[in-house]
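The values are calculated or read from the model by the stated rules, or taken from the named source; none is laboratory data. Keep in mind that what you see is a predicted model, and the values were worked out from it rather than measured. Cβ: placed from backbone, ideal geometry, glycine included. Neighbour counts: every protein chain shown. Side chains are part of the model used for accessible areas, which takes the heavy atoms of the whole protein and leaves out ligands, DNA and RNA. Shrake-Rupley method; radii C 1.70, N 1.55, O 1.52, S 1.80 Å.
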Amino acid sequence: MEKITTGKIRNLKSEIRKISMLTAYDYSIARILDETAVDIILVGDSLGNVILGHENTRSVTIEEMSHHTRAVARGAPRALVVTDMPFGSMRDAVLSANRLVESGAAAVKVEGAEIEGIRAIRGAGMEVMGHLGCLPQSASVYKVVRSDKLIDEAKQLEAAGVFAIVLELVDSEVAKQITAAITIPTIGIGSGPHCDGQVLVTYDMLGLYPDAPKHAKKYVDLAVEIKRAVGSFIKEL
Ligand code: KIV
């Protein structure tokens, strides 16, 4: 079993194979994912909508992220566990990141070009993944971002020491230009095929989250399977 490190993810930039990243919020799903070839397990703050039933990700707390990170880390001895810095946590960036790393995250993910905070976390010896494009913690509408400003922001993030950058709903051509302009990998979601890797919310790809966004491909409809199984259980009573 080869443990995935941030260094390994960086090196995949120069390889032909793509980086895979999926979310998990609990031990059982993390364990299933860890037994596949997936590279990165993200404890996303999509926890807010997908698991806790909130309208958005903004009410997720550092305590909740820490609690779910512990569960995921117990189930994922192989994959790289990355945890989202929740809304507001960059006010005390080093302290918050430290809590998540102590809970078992190998790295934290930061939304936006929060260069100063990222430098502080890196200065304290912790690993950081960036996240640019349509940012769930601040976007009022969920739409594709076309701004060339993103290329400059990606370069700034690279200089600040992040090991990879998630591009969420970035125009495919802009995502291609960013991917060519930096030496660290880009991991896309709804950003076209040119990124160095792809990420999906696991509950979206498995058909478990009823409000999944349109750009998320559903690979299986487990809601249908669960209802079928429950139907069989009730029939057998
Ligand atoms: O919170 C999350 O699940 C994420 C992914 C959509 C990248 O940030």
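Straight-line cross-link reach from Lys8 at under 19 Å between alpha-carbon atoms covers these lysines, not counting any fewer than eight positions away in the same chain: Lys18, Lys109. Computing the accessible area with a 1.4 Å probe over protein heavy atoms, can you report the carbon and sulfur percentage for segment 6-235? Looking at segment 6-235 in its full context, I get 54 percent from C and S.
Among 192-201, 43-52, what's the highest-first ranking by average C-beta atoms within 10 angstrom per residue?
Per-residue Cβ counts within 10 Å, averaged per peptide and sorted highest first, yield 43-52, 192-201.
In the elastic network of the chain, a GNM with C-alpha springs shorter than 10 Å, the most mobile of Ala180, Ala24, Ala139 is Ala139.
Rolling a 1.4 Å probe across all protein chains gives Glu64 an accessible area of roughly 60 Å². The mean sequence distance of close C-alpha pairs (under 8 Å, at least 6 residues apart), as a share of the length of the chain, puts its relative contact order at 17 percent. Going by Cα centres, segment 110-177 and segment 38-91 are how many Å apart? Answer, in whole Å: 18. Across segment 16-27, rounded Karplus estimates of 3J(HN,Hα) from the backbone phi angles (6.51 cos²θ - 1.76 cosθ + 1.60, θ = phi - 60°) give 6, 6, 8, 7, 10, 9, 9, 8, 8, 10, 9, 4 Hz, Gly and Pro being marked x. Largest first, the residues Asp92, Asp148 sort by 1.4 Å accessible area into Asp148, Asp92. Check cross-link reach from Lys155 to the aspartates and glutamates: straight Cα distance under 12 Å, and skip same-chain residues fewer than eight apart. Within the straight-line cut-off, Lys155 pairs with nothing.
For a straight C-alpha distance cut-off of 24 angstrom, the lysines reachable from Lys227 (same-chain residues fewer than eight places away being disregarded) are Lys214, Lys217, Lys218, Lys235.
Excluding ligands, DNA and RNA, the accessible surface per residue across the chain is 48 Å² with a 1.4 Å probe. Compared with the dominant Cα axis of the chain, that is its longest principal axis, helix 172-181 is turned about 50°. Sequence-ordered 3J(HN,Hα) estimates for segment 148-161 from the Karplus curve with 6.51, -1.76 and 1.60 and θ = phi - 60° stand at 5, 3, 4, 5, 5, 5, 4, 5, 5, 5, 4, 5, 6, x Hz, glycine and proline given as x.
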